[in-house]
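The values are calculated or read from the model by the stated rules, or taken from the named source; none is laboratory data. Predicted, not measured: the structure shown is a model, and the values here were computed from it. Positions of Cβ are backbone-derived with ideal geometry, glycine not excepted, and every protein chain shown enters the neighbour counts.
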Amino acid sequence: MDTGNAPPSSFEGLQFYKAEFASAHSTKVCTRCKQSIASDYFEAGGQIVCRTCRDQLTGAVRDRWVFLRALLYGGLVGAAGTLVWSLIIHFTGYELGLIAIIVGVGVGLAVRKGSRGRGGWKYQTLAMVLTYVSITTSYVPIVFKGFVEGIKKNEAATAVKESTAPSAAENSVEPTKLTTTPGRDGKKPSMPLPIAIVAFVGVIWGLALAAPFLAGASNIMGIIIIGIGLYEAWKFNKRVIVNGPFKLVPEPAPAAEPSAAGTP
């Protein structure tokens with residue numbers, strides 16, 4: 001029987017009674033590690049991830065360095081932000097609020113990179129603290145300058161007061177000597193230099209941390225901008241919700257039995 005114009009060999013290998021599914025292995029690649037997924041996959045933040053990356057996101061894989069790594073990455077970016085903001089204030093005299101937002105974004109991304117995307121309240125808190133410290137530390141030179149100027153003004157006022165006071169020779173009564181100096185050798189005890197330096201730095205830094213709020217309502221816009229920077233740092237470190245597992249290849253349907261020719 002003639003089958004038409006096509007040669008009979010063109011129909012070899014065709015069958016219509018069994019469904020065959022194409023393999024979907026090559027169509028699924030983990031968006032984090034870029035490795036092909038062989039069995040099942042998960043969805044995290046709208047992205048396809050493999051089981052290994054899922055375990056890293058959820059903390060199933062124990063990594064004792066993850067927090068220190070997030071602290072290091074975020075701290076480096078925060079230090080860079082402090083340096084840039086300090087230079088801008090020093091050379092221009094202006095405080096650009098946009099820098100605070102950029103610092104928040106940079107620190108948030110750095111903490112997320114260091115934590116390998118785990119997220120959660122611990123890393124959100126870390127990112128916000130590093131962002132605030134980075135922003136307020138840029139006020140340290142300003143606070144230090146004001147502190148030194150205050151000391152100089154106090155010394156100048158004391159010198160003027162002493163120069164206008166009557167000398168001891170002009171007084172008929174000899175000034176009494178103070179005998180309340182403690183110590184057997186008669187010397188006034190002084191604070192050790194290392195402790196004095198640490199205390200001085202602590203006072204300066206403490207004032208810098210409180211600087212955004214010391215101005216009160218006059219700095220309300222600056223406080224709002226800092227709040228936006230903190231929000232950006234917090235936002236990038238939300239805990240990622242992971243769904244799955246999902247089967248990569250669907251289960252094949254059972255093959256249909258071939259019907260005999262002429263069966264009704």
Could you tell me whether any residue of the stretch 41-49 is assigned to a helix (DSSP H, G or I), farther than 22 Å from LYS235 by Cα and modelled with pLDDT of 85 or more? no
Pairing a residue in the stretch 115-128 that is in contact (Cβ under 8 Å) with a residue 40 or more places away in the chain and farther than 11 Å from GLY74 by Cα with any residue that is assigned to a helix (DSSP H, G or I) and polar (S, T, N, Q), where Cβ atoms lie under 9 Å and the two sit 6 or more apart in sequence or on different chains, gives ARG116/GLN56; GLY117/GLN56; ARG118/GLN56; ARG118/THR58
Given (1) surrounded by fewer than 19 Cβ atoms within 10 Å (Cβ to Cβ); (2) at pLDDT 80 or above, number of the condition ALA110 does not satisfy: (1)
Some residue of the stretch 96-117 being under 23 Å from THR58 (Cα atoms), out of contact with any helix residue (DSSP H, G or I) (no Cβ under 6 Å at 6 or more places or on another chain) and among the polar types (S, T, N, Q): no
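Residue-by-condition table, conditions (1) modelled with pLDDT of 85 or more; (2) over 19 Å from GLY222 (Cβ atoms); (3) touching a His at 6+ places or on another chain (Cβ under 8 Å):
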residue: GLY74; (1), (2), (3): yes, yes, no
residue: ILE88; (1), (2), (3): no, no, no
residue: LEU98; (1), (2), (3): no, no, no
residue: THR125; (1), (2), (3): yes, yes, no
residue: PRO141; (1), (2), (3): no, no, yes
residue: ASN154; (1), (2), (3): no, yes, no
residue: PRO166; (1), (2), (3): no, yes, no
residue: GLU170; (1), (2), (3): no, yes, no
For residues in the stretch 71-93 being touching a residue at least 40 places away in the same chain (Cβ under 8 Å) and of a type in the set (Ser, Thr, Tyr), which is farthest from SER134 (Cα to Cα)? TYR73
Could you identify the single residue in GLY222, GLY227 that is out of contact with any Phe, Trp or Tyr (no Cβ under 7 Å at 6 or more places or on another chain), surrounded by 12 or more Cβ atoms within 10 Å (Cβ to Cβ), modelled with pLDDT of 85 or more and of a type in the set (Gly, Ala, Ser)? GLY227
